Amino acid sequence: MSVLVTGAGVVGGLTAELLAARGTRVVMIDVRAPRHVAAGVGFELCDVADADALADTIRRHGVAQIVHTA
């Protein structure tokens with residue numbers, strides 16, 4: 001299982017980095033690519049307003065929790 005972090009800006013990026021540092025599997029999504037993705041953090045281009053794409057991302061990554069920072 002993993003955690004999905006919406007928004008790859010400063011808050012989302014730091015949240016994802018801290019979760020990954022604690023050993024959590026993390027995937028971040030945003031509508032544009034971030035400048036930096038921390039080690040151990042996955043990233044996908046995805047719009048939270050696109051229900052089908054969001055559901056697909058959740059399913060493929062086995063997401064159990066979502067942290068919404070977008």
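The values are calculated or read from the model by the stated rules, or taken from the named source; none is laboratory data. Please read these numbers as outputs of a predicted model, since none were measured by experiment. Here the Cβ positions follow ideal geometry from the backbone for every residue, glycine too, while neighbour counts run over all protein chains shown. Heads up: the accessible areas ignore ligands, DNA and RNA and are worked out on the full protein's heavy atoms, side chains in. Shrake-Rupley method; radii C 1.70, N 1.55, O 1.52, S 1.80 Å.
Across region 1-36, the qualifying residues are those that are open to solvent by less than 80 Å² (accessible area, probe 1.4 Å), under 18 Å from ARG59 (Cβ atoms) and not β-branched (Val, Ile, Thr), and the one among them that is farthest from the chain's Cα centre (by Cα) is SER2. Cβ-Cβ distances below 8 Å connect the following pairs, each with a first residue in region 40-55 that is under 15 Å from GLY9 (Cβ atoms), a second residue that is open to solvent by 70 Å² or more (accessible area, probe 1.4 Å) and β-branched (Val, Ile, Thr), and a separation of six or more residues or different chains: LEU45/VAL31; CYS46/VAL31; ASP47/VAL31. A single entry from ALA39, ALA53 fulfils the requirement of being surrounded by fewer than 18 Cβ atoms within 10 Å (Cβ to Cβ) and in a helix (DSSP H, G or I): ALA53.
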